[in-house]
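All remarks here apply to the structure that follows.
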Amino acid sequence: MSAESRLLVTAAPHVGSTDSTPRIMWTVVATLLPLLAAGTWFFGPGVLLVVAAAVAGAVLPEHFFGRRGALGDGSAAITGLLLGLTLPPGLPLWMAFVGGAFGIAFGKLVFGGLGQNVFNPALVGRAFLQAAFPVAITTWPAATEEWMTLRGDLFATPLMSAAADTVTAATPLGLMKFEGTGTEVLELFFGQTGGSIGETSALLILVCGAYLALKRYLDWRIPVSVFLTTAVFAGALHLLNPEYPGPLFMLFSGGLVLGAIFMATDMVTSPVTTKGAWIFGAGIGFLVVVIRVWGGLAEGVMYAILLMNALVPFINRVTQPRVFGQRPKEDAS
Amino acid sequence: MSDLFWILLSAMVVNNFTLALFLGLCPFMGVSSRVDTALRMGLANVFVLVLTSLSAWTLNTFVLPYAPYLRLISFIVVIASLVQIVEMAVKKLSPALFRQLGIFLPLITTNCAILGLAIFQTNRGYGLFEGLFFAVGAGLGLTLALVLMASIRESTELSDVPEVTRGTGLVLIIAGTLSLAFMGFAGLLSAA
Amino acid sequence: MSAATSPPNAPTNAPENVQARPEVSSWRLVATLALAGALSGLMLVSVHQWTQPAIQAHKAEVLRTAVLEVLGGPETYETLYVIDGALTATVPDGTDVRTLEAVYAGVGPDGALDGFAVPAARPGFQDVVSLIFGYDAATGTLRGMKVLGNKETPGLGDRIEKDTAFTAQFDGTAVPLIGVKPGRGSGADGEIDTITGATISSRTVIVAINEALDRVRPLLDAYVNAREAEAAR
Amino acid sequence: MNTAFLRSFLHGVHPPESKHLTAAKAIRRLPFPDELVLPLSQHAGQPARAIVKPGDRVERGDKIADADGWVSSPVHASAAGTVVDIELQPHSSGSYKTAIRIAVEPHSAQIPRPRVIPDWHGLSGDELIEAVRQGGVVGLGGAAFPTHVKLKPPEGRAIERLVLNGCECEPYLTTDHRTMVEYPERVHLGLRIMMRCLGAKRALIGVENNKPDAIEALRRTKPDDLEVEILGLTVKYPQGAEKMLIKALIDREVPEGGLPLDVGVVVQNVASVATIAEVFETGLPLIERIVTVTGPGIRRPENLIVPVGTRIRHLIDACGGLTDDAAEVVLGGPMMGTALGDLDAPVMKGTTGVVVLTEADVRGRVTHPCIRCGRCLEACPVFLNPQLLGSLAGKGRLDAMGDNHLGLCMVCGCCSYVCPSNIPLSQMFGAAKTDLRRKAQRETLRGDAAGANA
Amino acid sequence: MKATTPSQDLLRGVWRENPVLVQMLGLCPALAVTNTVENSLAMGIATFFVLLGSSLLVALLKRFIPNEIRISAYILIIATFVTIADMGLEALVPDVHKALGAFIALIVVNCMILGRQEAFASKRSVVRSLLDAIGSGTGFVIALFLMGAFREIVGMGSFLGIPLFGDGYEPWVVMILPPGGFLTLGTLLIGLSWFQRRRKEAADGGTAKNGAVQEGSVA
């Protein structure tokens, strides 16, 4: 009876589903890698360095100040990767590192680490970079002749500015906002445009997102709600005044697809209720259009998500589910 | 009209009274731990701000051109007395409303948002309607910041915040992040 | 900040306080406050008297520097107020000049008009951008532009004030102004290169000037004509 | 939306069914053990009161403990033998509880005393209920609630429908399944008797679609005059919970804090119903039951019919013993059953099965912080917010948990099952419910004391 | 109130009961105008002046001010001094006055000042009140200076307008913007709390856990 001597006595339930938090997180990491590969394809090998710097920035503080073994759950790696994918290809590496470190330290560790934070750490890091280095973060180096050539001034000395002589190219949203020129939707869809490392190919992001949604590692309601709201709102504005960009342009330009699929759906910082998820997504879509159309910035996805992150506790509060038997069906019908 | 709207929107989100101008920090830090209280505090603030705007305009138009050095003192005295009177009137006319908002009124009178509004309005030379829109925008901005902060604090109350960061430090970091997020509204309805 | 939130170690009604002081009659309260008010009024008036000249002188100096800078030349200027859709240097009695819109006419050594300095303001990226620009009614060109107040992003938007490469463009440019991306202009007159990364802020300046000119140009022209007619007479 | 194919409730989970181990195995009768342990507390409510003393000789079917109050149930000797002692014995709850220990007569033929079997046709409702009560019948689905209590609704409450629970939604278990397949007539007879007790005109039997042979057997043997409908239900856990079953079958929600009879329904387990039929067929009380001994940690899984009071060890030995990698022995299903620390605990009236899990099956024990994925909300069959409740529990905020409808929680385990961070939500809720109940009791006591003083 | 020695009166406000960093009073100016060292110092000195002046006056006049109207009288006195400071700054250093804007007038509602009157000047001798005002005022200036120095050095790469790192320095613009104010003060407070815990742990023999390392939590 050797088996009997080491019998467990635990409380019910005694079985559990096979999904685990680290597994979810590492799967997300895996689905982000194709985006990184695509970014490398479009912008050259330099982007690998930028993303690596962002990941290092995120992982180091988590390792030294986070829970013991917190790196194992993979969430810091996601933060670093996501941040890296939203950066311009030629950003000095030290800035990418600062962004990752700030995002993890002030977006996550001060709240108590995984699961406790209110704002998406990657976006906190991104917003900090945007506010701290407004020029560098909006400098989009133009394509070079050689794929292997590094773009921008990646190796600027820490704390020092990047060399200023970079040849820049505009993003589709910048062209639309400041020069009133549009870009072909197909180009946007397949990614033949300028922009951040990971946000150019809407098609690839959608495929990766669909895989995660099928595995139920992300809540499909959030991106669907974001896309619907953006399309409807932008479409209505476009109908009223054709000078405003059309819904397809709105959907596939900038970081909307990346943000809606990989950032808005961060479980920790999105609502837990299904009704809440719809509201959350709609809020993001609405704010994105407002900021892009009437705001002073070309891109608003990051801010839209951060603002809605702030609203999440409130959304959760007002969308508590109706409990079983609280209002019997026959009364309602 | 669009100027009035810009004034309202600017005070509410672009240059949010609390998150960009640091006015009304006392209630922001002190009364922001429960959403209900924060909401009522915010609405009471809207009310007092509108009163303030009216009195500041009256003083600026009819009294202060003759004695500009009395500006600060007269603002304080007039606003405090006016709020006191209104408080008594509300208590008498609508005890229900008083229970909801009344307890905050004395707290608000000497709050920096109130005096700040009066002074900003004066410095910018706002007229009556501009002042009113400014006051409503500022009040709504304050309410927005208060409610956001309160709901976030209610949720962090349930998380395992490290002892080192617990308290005002964390509240300030959250406020900083909110302030970062509100930078997204920069340039709203501006030129071009 | 609220009077009611005194620090915890400061009991507002310390018992010894209450016991030490007997009930005070209300007239004494009123009298004390009135006395205190009078005293503080007295103090303020004297400080006011003492500081006011310096404050006024500084304000005038700031304005003078700005006007002379954007007009780039004249030795003096005179202030003109917009009253009933016309410019006039004299104000009816009892009018508060601070409520009136003003433009400043440069006066050359010979007493002839030498351009106008026109203030303008418009919401920018963060807050209202206020500026003054010099305009030559005779040639329809600008003489210069100076930003007086802005809260734009430091190091980016605030280059509209600090970047001489940007501000220098306004000297001698025909109006209306057109903002173009640096290096993308067609070379036409009136084109202003915007600041990369601060398009909104630079455009605010351009639009503010265009708007202000649209509004005051008829007045300026009328004033110039009237003045010429007067001189001819 | 209540189509025959999709008939079910909202939310819930789909744990692997794992019923193939025993689903096709006919019920086998186990030889009598040498010793029986009959706890006085085998049912919900007051424990029974022993009416024998050590040394007494008892025959099979003799009453040895009497019900102590209305919500209580008598206990009968499940084999002939001698009362050895009345003492503390291992109990499935994990603690030791008072039990009557009987040394089984090795050579007895185990034939009960001759008795008059009551003819149910001639009995009134109240007489039937009394007979059920004397038979010691309790719910055999696990909760062991005395059946006679359910058969006597408060005055003036009409029962429109009787619902029979044949879901057996817990993974692994097949006792109800085998009962329905092998004794469908008994189910129908018990049903008929119960409908008479309750005055109900109609009955529904809900069976999950993973037991087509049970549905077929019940339909084949359905008496023509009995107004009963056998309905297949989409497989989902916890369909066997009363409220879920009612929702699935007649699309009504039992009000919060209410009972099924608030929507005109009484729910009974099929095995209990079959037992009632047995009481009136044989005159014997509830002294034996069907137990599924199964799981990957058992060598030869089986469905056994065993005397109540048989030690679990005896069952396990009869099924070939534990495998080397056996990790946890669970009484009842793996979702709501209790883990057994001492294999000497006896089979009780409510013991549906013995499930032996291996290391590979048990829920992981490494917990991670909650990532607010919301899966628990989508799993909770009563639409609670386990994420919020869990955070509140972590901070010890009992009252706030109560305000968030903790009372509705059935501790079904769905939230814990789906939680990717392995947070023991359901476990915390169970503990919190107990704490809340104790607190309420204390307050009532204090209130009573204050009232007495005044 | 506990009896205190004059040196305690003087030193208490400087660090142990620092108005901004410990008592969280006067946060509004501490955040709003500390984007450069110059502004911080100007604000600190103006506040110092108002605190000193009003403490002196309150301590002198405390016998003549009836208890019932003391708050109004204090506010009147404070407002008078603020207006004087406002006009004085405008006359003497107009550029700084422009940078501080409305926040000079807002010194009136700085609860630190009213708090000191209520807690100290209205009950103690003139000399003691002055010592207390000097202490608290210094503490306020120190806190503002710390904030201003950090924000200016990181946000502009300079100290009092003197560049520290040469031309190539990339300024962290965010530090001189509103979020930088919140983040700086928040970081400062967290740093202080960490420092105090370290000291307390050292005093306790180092038995307590490091607060930054949280145990694996449940929910």
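Given a 1.4 Å probe and no ligands, DNA or RNA in the count, how much accessible surface is buried by D and A, both sides, to the nearest 100 Å²?
Values: alone 19840 and 16750 Å², together 31980 Å².
So the buried area, both faces added, is about 4600 Å².
Enclosing the Cα atoms of the protein assembly as shown in their convex hull gives a volume equal to 235 cubic angstrom per residue.
Heavy atoms of the protein chains alone define the surface here; on that basis the protein assembly as shown has 40 Å² accessible area per residue at 1.4 Å probe size. The residues of the stretch A:103-124 listed by number as losing at least 50 Å² of accessible area in the complex, against the isolated chain and with a 1.4 Å probe, are A:PHE106, A:VAL110, A:PHE111, A:GLN116, A:PHE119. Mean residue ellipticity at 222 nm, helices only, chain A: -16500 deg cm²/dmol; runs of at least 4 DSSP H residues each add -39,500 (n - 2.57), and the sum is divided by the number of residues. Could you tell me the distance between the Cα centroids of the stretch A:273-329 and the stretch D:163-223, to the nearest Å? About 48 Å separates the Cα centre of the stretch A:273-329 from the one of the stretch D:163-223.
Burial annotation for the stretch E:23-49: residues with an accessible-area loss of at least 10 Å² between the isolated chain and the complete set of protein chains, computed on heavy atoms with a 1.4 Å probe, are E:GLN23, E:MET24, E:LEU25, E:LEU27, E:CYS28, E:LEU31, E:ALA32.
Seen from all directions on average, chain B presents a Cα convex hull projection of 12.4 nm². Heavy-atom accessible area, probed at 1.4 angstrom with all protein chains present, ranks E:HIS97, D:HIS14, D:HIS314 as D:HIS14, D:HIS314, E:HIS97, highest first.
For the stretch E:6-145, taking Cα atoms only, Rg and Dmax work out to 14.2, 42 Å respectively. Straight-line reach from C:LYS162: taking Cα to Cα under 29 Å and skipping same-chain neighbours fewer than 8 places apart, the lysines in range are A:LYS177, C:LYS59, C:LYS146, C:LYS151, C:LYS181, E:LYS98. Calculated [222 nm] ellipticity per residue, helices only, for chain D: -8500 deg cm²/dmol; basis is -39500 (n - 2.57) per DSSP H run with n ≥ 4, divided by all residues, nearest 500. Enumerate the lysines that E:LYS200 could reach by cross-link, defined here as Cα to Cα under 29 Å, with residues fewer than 8 away along the same chain left out. Output for E:LYS200: A:LYS108, D:LYS395, E:LYS2, E:LYS209.
Ignoring ligands, DNA and RNA and using a 1.4 Å probe, state the total buried accessible area between B and C in Å², rounded to the nearest 100. Numbers along the way, then the final one.
Values: alone 10270 and 14580 Å², together 23060 Å².
When B and C are taken together, about 1800 Å² of accessible area is lost.
The contact between chain B and chain E removes approximately 3000 Å² from the accessible area (both sides summed; 1.4 Å probe; ligands, DNA and RNA excluded). Take the alpha carbon atoms of the stretch E:27-64, find their center, do the same for the stretch E:119-139, and report the distance between the two centers in whole angstrom. What the calculation gives is 13 Å, centre to centre.
With a 1.4 Å probe and every protein chain kept in, tell me what percent of the accessible surface of chain B is carbon plus sulfur. Carbon plus sulfur share of accessible area: 69 percent. Surface composition of the stretch A:20-168: carbon and sulfur atoms hold 71% of the protein heavy-atom accessible area at a 1.4 Å probe. The Cα center of the stretch B:85-159 and the Cα center of the stretch D:78-127 differ in position by 75 Å. Between the listed residues D:PRO15, A:ILE222, D:PRO114, the Cα displaced farthest toward the positive end of the dipole of the protein assembly as shown, a dipole computed from Cβ unit charges relative to the Cα centre, is found at D:PRO114.
May I ask you to compute the full-extension gain from A:TRP41 to A:MET148, defined as 0.36 nm times their residue separation minus their alpha-carbon distance, rounded to one decimal in nm? The partial results should precede the final answer.
Numbers: separation 107, 0.36 × 107 = 38.52 nm, distance 1.03 nm.
Taking 0.36 nm per residue and subtracting the Cα distance, the gain is 37.5 nm.
Measuring how big the stretch D:375-453 is from its alpha-carbon positions, Rg and Dmax come out at 14.5, 53 Å.
Spherically averaged projected area of the convex hull of Cα atoms, the stretch D:181-308: 9.6 nm².
How much mean residue ellipticity at 222 nm does chain C get from its helices, if each DSSP H run of length 4 or more adds -39500 (n - 2.57) and you divide by all residues, to the nearest 500 deg cm²/dmol? The per-residue figure over chain C is -14000 deg cm²/dmol.
Straight-distance candidates among the lysines for linking to D:LYS243, with alpha-carbon spacing under 18 Å and chain neighbours fewer than 8 residues away dropped: A:LYS329, D:LYS150. Here the accessible area is traced with a 1.4 Å probe on the protein chains. For the stretch C:55-232, carbon and sulfur cover 51 percent of it. Of the residues E:ILE65, A:PRO88, E:LEU89, the one whose Cα sits farthest toward the positive end of the charge dipole of the protein assembly as shown, with +1 on the Cβ of Lys and Arg and -1 on the Cβ of Asp and Glu, is E:ILE65.
Remark: mean inter-chain Cβ contacts per residue of E:95-107 equal 4, using a 10 Å Cβ-Cβ cutoff to other protein chain atoms.
Rg(Cα) of the stretch D:266-330 divided by 2.2 N^0.38 Å?
On the way: Rg = 14.7 Å, N = 65, 2.2 N^0.38 = 10.7 Å.
With N residues counted in the stretch D:266-330, Rg over 2.2 N^0.38 Å equals 1.36.
The values are calculated or read from the model by the stated rules, or taken from the named source; none is laboratory data. These numbers were taken from a predicted model, which means no experiment stands behind them. Using ideal geometry, Cβ is built from the backbone for each residue, glycine included, and neighbour counts are taken over all protein chains shown. Just the protein is used for accessible areas: all its heavy atoms, side chains included, with ligands, DNA and RNA removed. Shrake-Rupley method; radii C 1.70, N 1.55, O 1.52, S 1.80 Å.
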